[in-house]
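Read-outs: derived from the displayed coordinates by stated rules, not from any lab. Source: prediction; values computed, not measured. Reconstructed Cβ throughout: ideal geometry from the backbone, glycine too, with neighbour counts over all protein chains shown.
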Amino acid sequence: MSPSGERMLWMVALILTALCVFLLWRAYHRWRNNPLRIKKKAWYSGGLKMSVNIRNIRSIMVDIDTPVIEFRQPRMKKRKFKIVAPGDENIFPLGLSPQTGYDFMVEFTKLYEREPILRRYRQVIICVNDKHGQRITRKKVKVSLPK
């Protein structure tokens, strides 16, 4: 290999390394600056249920709007549903003080009875927006139904 070819190879390696460092730095800061964390747990006992735990981990107050559950399938249209508090209470927009959270349960059985086509959708995304409509965080969940 000629010296100029070797020099070109080192330049490409340097550019790729700088690009990787930049992308990792950007992803880390997005993760770090996110004020909310979503923990989820899905199980099937007589019907598919999912427990969702939203926590404010920052030192400032965060106002969240009604969480949205979005059913997706690759290269297909998506279906969105707003989560309603039990008893039709209107608690949103909800202000989360620092180090506090909000827990709720999602039962998919009623959705599947009303919209049978949702059984085909294997990816569920929980989206949390602030009261101005800006997306704060989202979490992807793989859903699998027993046969």
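General remarks:
- Packing-based order for 109-121, 17-29, 60-72, using average beta carbon neighbours within 10 Å, highest first: 60-72, 109-121, 17-29
- Filter on LYS49/LYS140; LYS49/LYS131; LYS78/LYS131; LYS77/LYS131 - keep pairs with C-alpha separation over 20 Å: LYS49/LYS131; LYS78/LYS131; LYS77/LYS131
- Modelled spin labels at ARG58 and LEU94, positioned 7 Å past Cα toward Cβ, are 1.8 nm from each other.
- Per-pair calculated FRET efficiency, R0 = 35 Å: TYR28 and SER51 via Cβ, rounded to 0.05: 0.80
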